[in-house]
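For reference, the structure is listed below as structure tokens.
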Amino acid sequence: MRLVFIVTTLVCLLTTPGACDLHPSSEQILLVQHDASTHTPSNRSISPSLFVELEELARIVDITYCVGALGLGIQKPFECPSRCKDFKGFELVTTWNTGPLLSDSCGYIALSHPPSPPRIIIAFRGTYSITNTVADLSSMPQAYAPYPGDGNSTARSDSPKCYNCTVHTGFYTSWRHTRDEILPHVYKALEKYPEYQVTLVGHSLGGAVAAFAALEMLDCGLQPTVTTFGEPRIGNAALTEYINLRFKLTSNHTSDLNNQSYRRVTHISDPVPLLPLDEWGYAPHGGEIFISNPDIPPEIQDIYHCDGNADPKCIVGPEDNGWNIPNRFKLWQLFFAHRDYFWRLGLCLPGNDFFWRGEEEAQLH
């Protein structure tokens, strides 16, 4: 895993200026957000307000890469070498790191105080060994047996059951090893700030863990908002329909898609949302929002809502390349498309505007 981190860093630093985007300046962020406000929407377009929210959440989840054995840490009140300075109203509650022997779950919990939107943010980090996690456990699905079904006293008796649902053993194990690190802090924060919105965000493996966390929180009576970037497939078709039911994910474009409580963001050429494979019994759930431009940062017209679980105009669409290699097998894109969600994610390094100089700087001055 350390080798992958080093290779990722070197690849990032040797790409074209701006590709790493270790710390976009406030001017760059405002420029991206301003472009969104002037966009003319279509029936599949995301709203300017959702564009701004997703861009902010991408920076919030990027901070999770400061947690863990390879990270440089997050300190109170909310300080780190990465993007923490973008969030003046944030208060760190805690960080967690289960370690690689317990499925490599890392992240942090923070309070977002006014004038920022009042939120209890639970951010889940991805892993540098996502392909190993997918491949090693791909043939070992297990029945979905959430903790509330095991007698958790906070569970609601009227919660719908998930019949014939199976889940990816590795992803679900990550949540089972993480829940006791998270839930007590969430409930304590809600006691003090009952009006704050519970907000889950995750990248890569972190997106899978966030999905299971959100399902359990629903069973316990909470109403979380969930946003994932590059989330892998976490279970079979029965589970995906259960997620669609619980989060009211719909393919009806007359509904307000911009206010759905679950947003599964994918990016063109990212292989991870296509894994584990259909042939292994896995399927994607709804709520997909697709970034169609390979370049970062995207513009609002590059991003749109998808229809149903597997919209052919989105990540599962036809291959658009001359290599005759299916997107799901382009594992080199783990270094690029899988990390390129608004900005390049996955490196906790001090901000350096050097990587934005050049064409981007000329546009700003």
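The values are calculated or read from the model by the stated rules, or taken from the named source; none is laboratory data. These figures come from a predicted structure and were not determined experimentally. Every residue, glycine among them, receives a Cβ derived from its backbone with ideal geometry; neighbour counts consider all protein chains shown. All accessible areas refer to the heavy atoms of the entire protein, side chains included, with ligands and DNA or RNA removed. Shrake-Rupley method; radii C 1.70, N 1.55, O 1.52, S 1.80 Å.
Of LYS161, LYS248, which has the most accessible area with a 1.4 Å probe, and how do the rest follow in descending order? If you can, show how the numbers build up before the last one.
Values: LYS161 125, LYS248 155 Å².
Highest to lowest solvent-accessible surface, that is LYS248, LYS161.
Residues with amide H under 5 Å of TYR262's amide H, sequence separation 5 or more or different chain, H placed in the peptide plane at 1.01 Å from N; which?
VAL226
Could you give the size of the charge dipole of the range 214-295 about its Cα centre, using +1 on the Cβ of each K and R and -1 on the Cβ of each D and E, expressed in debye and rounded to the nearest 20? If you can, show how the numbers build up before the last one.
Numbers: 5 positive and 10 negative charges, 41 e Å.
My answer is approximately 200 debye.
What FRET efficiency do you get for GLU191 and LYS313 if R0 is 45 Å and r is their Cβ-Cβ distance, rounded to the nearest 0.05?
Working: r = 44 Å, r/R0 = 0.99.
Efficiency, from the Cβ-Cβ distance: 0.50.
Suppose the chain between ASP158 and ASN293 were pulled fully straight at 0.36 nm per residue; how much longer would it get relative to their current alpha carbon spacing?
On the way: separation 135, 0.36 × 135 = 48.60 nm, distance 4.26 nm.
Full extension from ASP158 to ASN293 adds 44.3 nm.
Run the 1.4 Å probe and let me know the accessible area of ILE315, rounded to the nearest 10 Å².
The accessible area of ILE315 comes to roughly 10 Å².
Please list the non-local residues whose amide H lies under 5 Å from the amide H of ASN293, H modeled 1.01 Å from N, same-chain partners needing a gap of 5 or more.
Here ILE268 satisfy the definition.
Residues with amide H under 5 Å of PHE78's amide H, sequence separation 5 or more or different chain, H placed in the peptide plane at 1.01 Å from N; which?
Under 5 Å from the amide H of PHE78 lie the amide H atoms of LEU92, each far enough along the sequence or on another chain.
Could you give the nm distance between label points at GLU79 and SER116, where each point is 7 Å from its Cα heading toward the beta carbon?
1.6 nm
From the phi angles alone, apply the Karplus equation (6.51, -1.76, 1.60; θ = phi - 60°) to the range 159-173 and give each ³J(HN,Hα) in whole Hz, x where the residue is Gly or Pro.
Values, residue by residue: 5, x, 8, 9, 7, 6, 8, 10, 10, 5, 4, x, 5, 5, 4 Hz.
How large is ³J(HN,Hα), in whole Hz, for each residue of the range 185-197 in order, when computed from phi with the Karplus curve 6.51 cos²θ - 1.76 cosθ + 1.60 and θ = phi - 60°, using x for Gly and Pro?
Working through the residues one at a time gives 5, 5, 5, 5, 5, 5, 4, 8, 10, x, 8, 6, 7 Hz.
Go through 43-49, 286-292 and give me the packing order, highest mean Cβ count within 10 Å leading. Numbers along the way, then the final one.
On the way: 43-49: 16.6, 286-292: 23.1.
By packing density, highest mean first, the sequence is 286-292, 43-49.
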